[in-house]
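In what follows, a single structure is set out as structure tokens and then discussed.
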Amino acid sequence: MATLKEGLYRLNAEGLVAKAVHVHAQLTAHAAQFTTPSPTLAALETAKEELLTASAGAIDGGRSAHQAKRDSFRKLKDMLKQEADYVANVAKGDAQLILNGGYEVRAERKPSHLPVAPASLEALTPDVTNAVKIEWKGERTVRLYQVQMSTTDPAGTPVWNMVALTSKRQHTIENLEPYRMYWFRVIAVNVAGESLPSDILMARAA
């Protein structure tokens, strides 16, 4: 899903006017998709002309003329922000519709590398019986972890089953056989893929 970028940051008066002209032209060209612009295109055009007039008056004007330019600048900028909200609401994450509305599509920040394997697996005292509670350390950018468990010694031929997919760095595995030994490992996941498995933790259900 695409995200709209207003593209108003650090624009001066000239840049803001150019942005307003572009948004107006795009919304006009795609009127069938954007049937009820808010603010209206007429209001946007009026605010743009007011800023142009105020900018011209501020060239050789005094304090009041410069204040009028600041007020007109703020008014047009606020209107373009409102228009951006309208476009985003119509587009509903469609990148082409966002562009048709005169705004930019925000670039997604995607990790360019596989995550590092989780580390420092440790067994904690669980809050319930017949369970194993484990925790681990991971990279800040990782948002998802696979918790895998084997009921057979990894020194032989382990069969790993995923028992949880969690965003936390700890998990309690319940409904285990009391006093039985289990083996656990954790894999970090991001949009680039999966990390190598963590070191294996052996723990007895309590």
Just flag the chymotrypsin sites (Phe, Trp or Tyr not before Pro) in the stretch 1-101 sitting in loop per DSSP whose Cβ has no more than 11 other Cβ atoms within 10 Å. TYR9
Only four residue types carry charge here, +1 at the Cβ of Lys and Arg and -1 at the Cβ of Asp and Glu. Report the dipole size of the chain about the Cα centre in Debye, rounded to the nearest 20. 360
So the angle from the long Cα axis of helix 41-58 to the longest Cα principal axis of the chain, reported in degrees to the nearest 10, equals 70
So the angle from the long Cα axis of helix 63-91 to the longest Cα principal axis of the chain, reported in degrees to the nearest 10, equals 50
Over the stretch 135-199, one equal point on each Cα, no solvent: what is log10 I(q)/I(0) by the Debye formula at q = 0.13, 0.19, 0.29 Å⁻¹? -0.37, -0.75, -1.37
Can you run phi through the Karplus equation (6.51, -1.76, 1.60; θ = phi - 60°) for the stretch 143-159 and list ³J(HN,Hα) in whole Hz, with x for Gly and Pro? 10, 8, 9, 9, 9, 10, 9, 10, 9, 10, 4, x, 5, x, 10, x, 10
Would you work out which of MET79, HIS171, THR36 lies farthest towards the positive end of the dipole of the chain, given +1 charges on the beta-carbon of Lys and Arg and -1 on that of Asp and Glu, about the Cα centre? MET79
Figure the gain on full extension for ASP78 and ARG140 (residue separation times 0.36 nm, minus the Cα-Cα span) and round it to one decimal in nm. 18.8 nm
Quick calc: nm separation of the 7 Å Cα→Cβ label points for ALA107 and GLU194 -> 3.1
Name the most mobile residue of PRO37, PRO115, PRO178, meaning the one with the largest mean-square fluctuation, in a Gaussian network model of the chain with Cα contacts below 10 Å. PRO178
For the stretch 162-183 versus the stretch 9-54, the gap between their alpha-carbon centres in whole angstrom: 57
Modelled FRET efficiency - R0 22 Å, ALA31 with LEU52, Cβ distances, 0.05 increments: 0.35
Determine the sum of side-chain charges near ARG180: Lys and Arg each +1, Asp and Glu each -1, restricted to other residues whose C-beta is under 15 angstrom from that of ARG180. -2
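Where a number appears in this text, it was derived from the coordinates with a stated rule and is not lab data. Since the structure is predicted, the reported quantities are computational estimates derived from the model, not experimental observations. A quick note on method: Cβ atoms are made from the backbone with ideal geometry, for glycine too, and the neighbour counts reach across all protein chains shown.
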